Amino acid sequence: MQEDEKELSCAECGTLNCHKHESRYPKFCLTTNVDEAMLEESLECYKDEEGIDRKIAMAAADIEGKYYGQLTRVEEILAFARRIDAKKIGIASCVGLAAESKIFAEILKVNGFDVFMAICKVGSRDKCEIGLKEEQKIRPNTFEPMCNPVLQAKYLNKAKTDLNVIMGLCVGHDSLFIKYAKATTTYLVVKDRVLGHNPVVALYTTGSYYKKLLTPKEY
């Protein structure tokens, strides 16, 4: 296949001219080759003054403009929640971050929000009940409760939360939670057990400690 026949995207861009307008757009640029109908459809999402999409976009942009580089992620979530008129905050927490989630819950309460939290092991059913084999467990031949992000979402939906915050749900489990949660959802913690929940370190160190990531590997 010829190079110009490949489907190129922002992953191959070397200018990021859409951000600063100081360079040139590559010929495959998603901005210069945009589907105008698709662009207009996206913009319409932000124009409905009563719509949640506009409220979210405006809140996010306002926080960025007013507090750029000044607020922690915790503080940004507080500011965001107020701007979208969220009163009740749902916390979808990994059991391994229960202590941190409780601290976050206290911060939310101190700032006037109602809180409802559901831990990933809620329901406490063994992983084998959904088809996992014993040898696939962390500790085979022991009771090992499954993570149940669908039930977490259902609990938060039942509680009628206005905004949900993910606290370190596993890769994939977070996807299921987002799929089934009805309220707007954001992250406070992204799980990375190896890097202390700071996954971007693996990207920063691909020139040294994590150079191995640039070599194909079967996982």
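The values are calculated or read from the model by the stated rules, or taken from the named source; none is laboratory data. Just so it is clear, the structure is predicted and the values come from calculations on it, not from any experiment. Positions of Cβ are backbone-derived with ideal geometry, glycine not excepted, and every protein chain shown enters the neighbour counts. For accessibility, only protein heavy atoms count, side chains too; no ligands or nucleic acids. Shrake-Rupley method; radii C 1.70, N 1.55, O 1.52, S 1.80 Å.
Ligands, DNA and RNA left out, the accessible area of the chain computed with a 1.4 Å probe is 54% carbon and sulfur.
Taking label points 7 Å from Cα along the Cα-to-Cβ direction, Asp192 and Leu30 give a separation of 2.2 nm. Across the options Tyr209, Leu132, Val189, the greatest Cα extent toward the positive end of the charge dipole of region 67-212 (unit charges at beta carbon of Lys, Arg, Asp, Glu) belongs to Leu132.
Evaluated at q = 0.19, 0.23, 0.27 Å⁻¹, the base-10 log of the normalised Debye intensity for region 1-54, with identical point scatterers placed on the Cα atoms, takes the values -0.79, -0.93, -1.03.
The value for region 127-212 of Rg(Cα) / (2.2 N^0.38 Å) is 1.36.
Can you give me the accessible area per residue for the chain, using a 1.4 Å probe, in Å²? Provide the component values of the computation, followed by the final result.
Numbers: 15230 Å² over 219 residues.
Here the per-residue accessible area is 70 Å².
Look at the alpha carbon pairs under 8 Å that are at least 6 residues apart: their mean separation over the length of the chain gives a relative contact order of 14 percent. Expressed in Å, the radius of gyration and Dmax of the Cα atoms of region 67-156 are 16.9, 51.
Evaluated at q = 0.29 Å⁻¹, a Debye calculation over the C-alpha positions of region 171-219 (equal weights, vacuum) places log10 I(q)/I(0) at -1.09. Judged by a Cβ-Cβ distance under 4.7 Å, the unpaired cysteines of the chain are Cys10, Cys13, Cys18, Cys29, Cys45, Cys94, Cys128, Cys170.
In Å, what Kirkwood hydrodynamic radius results for the chain from the alpha-carbon pair distances? Display every interim value, and only then the final one.
On the way: mean 1/r = 0.0482 Å⁻¹.
Taking every pair of different Cα atoms in the chain, averaging 1/r and inverting gives 20.7 Å.
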